[in-house]
Amino acid sequence: MSDSYRDTLAPLRADMAGADGVQEGDPVRAAGIIVRLAHSEHVPLRLPLGSEAVERLSGVYRRGLAEVERWAEIARSADFDDAVSVVRPA
């Protein structure tokens, strides 16, 4: 690992090491969920496991959606004036 990455990742690695054994997530339960999903017909594209993961990922998605909405009008102005939308409702 280069010195640049080592310096950048040092605080994260220290935080992770400090949480070992006291984290709220149960790795055995997480493994069971993964195994069940591996044998399931319906598998999510992403599945944050544990409360912290759900909260962090939800926050990232909310901020990302807010950013898209903030710039939507400008983004849409890149279309041709007579363009027909090909977006289909979900």
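The values are calculated or read from the model by the stated rules, or taken from the named source; none is laboratory data. Since we're looking at a predicted model, the values are computed, not measured. Note: ideal-geometry Cβ built from the backbone for every residue, glycine included; neighbour counts use all protein chains shown. To get the accessible areas, we keep the full protein, side chains included, count just its heavy atoms, and leave off ligands, DNA and RNA. Shrake-Rupley method; radii C 1.70, N 1.55, O 1.52, S 1.80 Å.
Go through Arg63, Arg88, Arg76 for me and flag whichever is open to solvent by 100 Å² or more (accessible area, probe 1.4 Å) and either touching a helix residue (DSSP H, G or I) at 6+ places or on another chain (Cβ under 8 Å) or modelled with pLDDT of 95 or more (or both).
Checking each option against the conditions leaves just Arg63.
Starting from residues that are of a type in the set (Phe, Trp, Tyr) and in a helix (DSSP H, G or I), keep the ones in the range 34-90 and report whichever is nearest to Ala19 (Cα to Cα).
Out of the qualifying residues, it is Tyr61.
Any chance you could count how many residues in the range 10-33 are among the aliphatic types (A, V, I, L, M) and in a loop (DSSP other than H, G, I, E, B)?
1
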